[in-house]
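Reading through the structure tokens given below for one structure.
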Amino acid sequence: MTHLSTTLDYMADFQIRVNNKVVDVDCDKNTPLLWVLRNHLNLTGTRFGCGTGLCGACTVLIDGTPIHSCDTPIWAIGNKSVQTVEYEENSTLQRIKSCMASEQAGQCGFCLSGIMMRATAHIDSLATLDRSSIADALDGHLCRCGAHNRIIEAIRQAGS
Amino acid sequence: MVLPDSMVAAPLVSDWLDFSQPGMVGIKTGKVEFGQGILTALTQIVAEELGVGFEKCFLVTASTGISPNESFTAGSLSVQDSGSALRVASATARAHAGTNSYWDIEKGVGWAIPANPDAILKNPSDYSLVGLSRNRIDLDAKLKGITHFIQDLRPDDLLYARILRPPNRGSTLVDLSLEKITLSTEIEKVVVDGSFVAVVAKDEYSAQSLVTKLAQVAIWNQTPAGMNNASLMNFLDSALAESKVLQEFGENKTELPHQASYSRPYLSHASIGTVTAVAQWIGEMIHIWTQSQGIYPLRADIARALSIDPQRIFITHVEGAGCYGHNGADDAAFDAVLIAKHFPGRPVLVTWSREDELGWAPYGPAMKVHLAAQVDDSGEITHWSHRVRGNGHSSRPSTLASPSMLAYSHIENGSAILPAGDPPQPRGGGTGRNAIPLYDFKNSLIVEERLSEMPIRTSALRALGAHLNVFAIESFLDELASRTNQDPLEFRLRHLSDPRGRDVLTKVAELSSWGKELPEGTGQGIGFARYKNKGAWCAVVAQVDVEEDVKVSHLWIAVDVGLVINPDGVRNQIEGGALQSLSWTLKEQVQFNDGAVTSNNWEDYPILRFSEVPLVQTEIISRPTTPALGAGEASIGPTAAAIANAVNRAINVRVRNMPLTVTNIMASVE
């Protein structure tokens, strides 16, 4: 399938599984998953925050494991299953969303997609869900509005 | 009664309310949402005063020519400005309608009737919506991840752009060396205008990749001079300044026995999302989608920069990531306009990189405060002197003598951005915001010195000068209390006759069990202010543990915002403000090297992390019969001071220069 484009960039057709659907993407093989989601697949719930894996805003699940989609190239996805904040069939994620709403956990909300994906994995890992374990799990995620305590409480509730 | 300020230029009910959809009420506000929950609070106000269901109301998207011109959404004034206007418009509509339906009147004579400032307002004791917590109307879309933010706009034929910024302030483009790079097929164009360079592509990765490559090959004429970390204090002390006496009464002594100086560095907005805008040239018209805090002033400044009639520009507001003042939003809008001009008819979306955002957006100014006082034998402060220096806190669009969007300082026919000014004193001022203490001192001299040279662009950051001014006043009070062996809380109360100020102080002392025994290395500190001396009253107690560094374990906050529209919204804003202030106060400082900002990534500009967040308890003192006051900025200054005072009580070291890092604490050990 791989072919050389008219330039030196390697364009390729990829098939990846996103939110339980197989989709075709034609792009440079080094394109980060983030931009595949946002530009090619119109799944804009996954956020661009820094592009270097330092803020957590772009976090998605790959086979259940949270990764930074901003520095994960599409060629590395292979047959693995990608889940984003838009996915409605993940019951843990849905529970988190409902607890975030009841706790009013957010202000601008830009950091929440990544945080909720991380929290889904954290809850599913059956870790102890006290304040400090949740805070530690989220330590790679930045929130500038100061909604941290509400977010922690919502995740605690979602997991209990 | 006089009309609320916002209604002077928009005096009709139809300027504010839209009854054109049967059974529904469109709310036309000139204020915009950026995470503070304002649209929810305004909806509560309208639904309450009109007597219609909350769910029957919707917000009309803020757009030029449609929404009332309410200038900027800033200064914790949205509830005061837009809330008052919408309340009067709604009360007028209710009185005018009588037993008729709003929508029948719309179909008949219409609602272009003057708002009546004397319309009878609903009695607060009859409120059924205002004063109760209400879920935010914007949160659902944010949780679902459906299109909401400006970054998510995907109009047909969209192109994506990224900007290549100069290596430092003052450098100019010599040669892009484009011939050294093979362009991918995804690249549409490289736009160059003077030293403004933008890459336009079919997707964002292609655009960003080319910017990264260009940064390696482009040749710039670099000016070696410019701000360095080490030169900051000297700059603050020696730069030319415009001096203004803000308050002077009683005896003015030149030499007062107690003296101390306090400072803060430049601070970044550091939003989690980077600023974004979309522009499209359609014939003679330009349509801009922007997250700007002021769509009308932005329109005027872009028109001025392009030398065109403002009527040719149509601006629609779209929410961006959290906004805490004048960030790069307006800059990005102008970037988009400049780029989209090369693609007639096609929309172009510009997103700044993280490096652009932390390296080029306007900063909250570095500041310095010098305080002096005299205390009499009974331990009462008799003389007080406050001198604050720093760059202005506003270079917002249309507030300076020439355009103030970043790209205007880079394009061929542009010019450097002029030094920032300050909002007028009636709006709370900037450099001198909260420089006048609320305490009762017999002799007082308060002076602000706004610098008239600006090596680094500064503008409004949440609370403006109040962050350092309150930090300084409240730190100095603790120092004076300590030197005269008085309890910091008692010392404040003895100098404060303002009853609502006394109430929040007393309340926060109760919440925090002020005065209780604490282990060694642990301390509680207190901070207080009335924001702008006419906004919300707020008192904070911080508890810290100091070992290798400062850990804030608890914050207790008591706040009085007058009439509370949405208690949960107020708590969210007060707590958010406190945590942001904690982050600034403990961790943040913009770093320089020869005029280049080197703290342009999250490693070099660290902000508060989840593991560092204290428990926060907030209590609202409700005053339903007094005017509603904004909550967004009230906790900033008191929190900063409370932390420094707590550190002093924990380890007996007075840290006067923010941030309270290990380096600055060590430098403060006497």
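The values are calculated or read from the model by the stated rules, or taken from the named source; none is laboratory data. As the structure is a computational prediction, the values presented were derived from the model and not from experiment. All Cβ positions, glycine included, derive from the backbone under ideal geometry; neighbour counts span all protein chains shown.
In table form, for the structure just shown:
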| item | result |
| --- | --- |
| Neighbours by Cβ (under 7 Å, 6+ apart or cross-chain): first from the range B:564-580, at the interface with chain A (Cβ under 7 Å from one of its Cβ atoms); second hydroxyl-bearing (Ser, Thr, Tyr) and surrounded by fewer than 24 Cβ atoms within 10 Å (Cβ to Cβ) | B:Asp568/B:Ser133; B:Glu575/B:Thr618 |
| Residues within the range A:30-57 that are outside any loop (DSSP other than H, G, I, E, B) and farther than 11 Å from A:His68 by Cβ, tallied | 6 |
| Check on A:Cys27, within 9 Å of another protein chain (Cβ to nearest Cβ), part of a loop (DSSP other than H, G, I, E, B), buried (at least 22 other Cβ atoms within 10 Å of the Cβ) and in contact (Cβ under 8 Å) with a residue 12 or more places away in the chain | no |
| Residues that are in contact (Cβ under 8 Å) with a residue 12 or more places away in the chain and under 30 Å from the mean Cα position of the chain (by Cα), drawn from the range B:1-11 | B:Val2, B:Leu3, B:Pro4, B:Asp5, B:Ser6, B:Met7, B:Ala9, B:Ala10, B:Pro11 |
| Those residues of the range B:308-358 which are under 23 Å from the mean Cα position of the chain (by Cα) and at positive phi, in sequence order | B:Gly325 |
| Qualifying residue in the range B:370-392 (condition: within 14 Å of chain A (Cβ to nearest Cβ), of a type outside the set (Gly, Ala, Ser), closer than 30 Å to B:Thr598 by Cβ and under 25 Å from the mean Cα position of the chain (by Cα)) | no |
| Qualifying residue in the range B:372-384 (condition: crowded, with 24+ Cβ neighbours inside 10 Å and farther than 23 Å from B:His410 by Cβ) | yes |
| Per-region count, the range B:336-352, residues surrounded by 24 or more Cβ atoms within 10 Å (Cβ to Cβ) and not in a helix (DSSP H, G or I) | 5 |
| Subset of the range B:247-282 [within 14 Å of another protein chain (Cβ to nearest Cβ), aliphatic (A, V, I, L, M) and within 30 Å of B:Ala463 (Cβ to Cβ)] | B:Leu267, B:Ala270, B:Ile272, B:Val275 |
| Condition check for B:Tyr408: surrounded by fewer than 22 Cβ atoms within 10 Å (Cβ to Cβ) and in contact (Cβ under 8 Å) with a residue 12 or more places away in the chain | no |
| B:Thr73 vs. criteria in contact with a helix residue (DSSP H, G or I) (Cβ under 8 Å, 6 or more places away or on another chain), within 21 Å of B:Thr316 (Cβ to Cβ), crowded, with 17+ Cβ neighbours inside 10 Å and not small (Gly, Ala, Ser) | yes |
| Residues that are touching a residue at least 12 places away in the same chain (Cβ under 8 Å), in a helix (DSSP H, G or I) and over 26 Å from B:Glu575 (Cβ atoms), drawn from the range A:84-131 | A:Thr92, A:Ala121, A:Asp124 |
| The range A:30-74, subset out of contact with any His (no Cβ under 9 Å at 6 or more places or on another chain) and polar (S, T, N, Q), residue farthest from the other protein chains (Cβ to nearest Cβ) | A:Thr65 |
| Qualifying residue in the range B:85-95 (condition: surrounded by 23 or more Cβ atoms within 10 Å (Cβ to Cβ), closer than 30 Å to B:Ala361 by Cα and either among the aromatic types (Phe, Trp, Tyr) or modelled with pLDDT of 95 or more (or both)) | no |
| Failed criterion for B:Thr212 (all others in (1) within 30 Å of B:Arg609 (Cβ to Cβ); (2) without any contact (Cβ under 8 Å) to a residue 60 or more places away in the chain; (3) away from chain A (no Cβ under 14 Å) hold) | (3) |
| Strands (runs of 3 or more DSSP E) fully within the range B:499-587 counting 1 or more residues that are surrounded by 22 or more Cβ atoms within 10 Å (Cβ to Cβ), of a type in the set (Asp, Glu) and at pLDDT 95 or above | B:550-560 |
| Subset of the range B:582-615 that is more than 9 Å from chain A (Cβ to nearest Cβ) and under 19 Å from B:Val540 (Cβ atoms) - its residue that is nearest to the chain's Cα centre (by Cα) | B:Trp584 |
| Residue selected from the range B:311-335 under the condition part of a helix (DSSP H, G or I) and in contact (Cβ under 8 Å) with a residue 60 or more places away in the chain, by the criterion nearest to B:Ala277 (Cα to Cα) | B:Ala333 |
| Subset of the range B:138-156 that is among the hydrophobic types (A, V, I, L, M, F, W, C) and outside any loop (DSSP other than H, G, I, E, B) - its residue that is farthest from the other protein chains (Cβ to nearest Cβ) | B:Ile150 |
| Members of the range A:132-151 that are among the hydrophobic types (A, V, I, L, M, F, W, C) and either at the interface with another protein chain (Cβ under 7 Å from one of its Cβ atoms) or in contact (Cβ under 8 Å) with a residue 24 or more places away in the chain (or both) | A:Ala135, A:Leu138, A:Leu142, A:Cys143, A:Cys145, A:Ala147, A:Ile151 |
| Every residue from the range B:482-497 that is outside any helix (DSSP H, G or I) and of a type in the set (S, T, N, Q) | B:Thr484, B:Asn485, B:Gln486, B:Ser497 |
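Here's the yes/no breakdown for (1) of a type outside the set (Phe, Trp, Tyr); (2) touching a Cys at 6+ places or on another chain (Cβ under 9 Å); (3) surrounded by fewer than 17 Cβ atoms within 10 Å (Cβ to Cβ); (4) not assigned by TED's automatic domain parsing to the domain that holds B:Thr61:
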{"site": "B:Pro124", "(1), (2), (3), (4)": "yes, no, yes, no"}
{"site": "B:Leu143", "(1), (2), (3), (4)": "yes, no, no, yes"}
{"site": "B:Arg154", "(1), (2), (3), (4)": "yes, no, yes, yes"}
{"site": "B:Leu158", "(1), (2), (3), (4)": "yes, no, yes, yes"}
{"site": "B:Asp175", "(1), (2), (3), (4)": "yes, no, yes, yes"}
{"site": "B:Lys202", "(1), (2), (3), (4)": "yes, no, no, yes"}
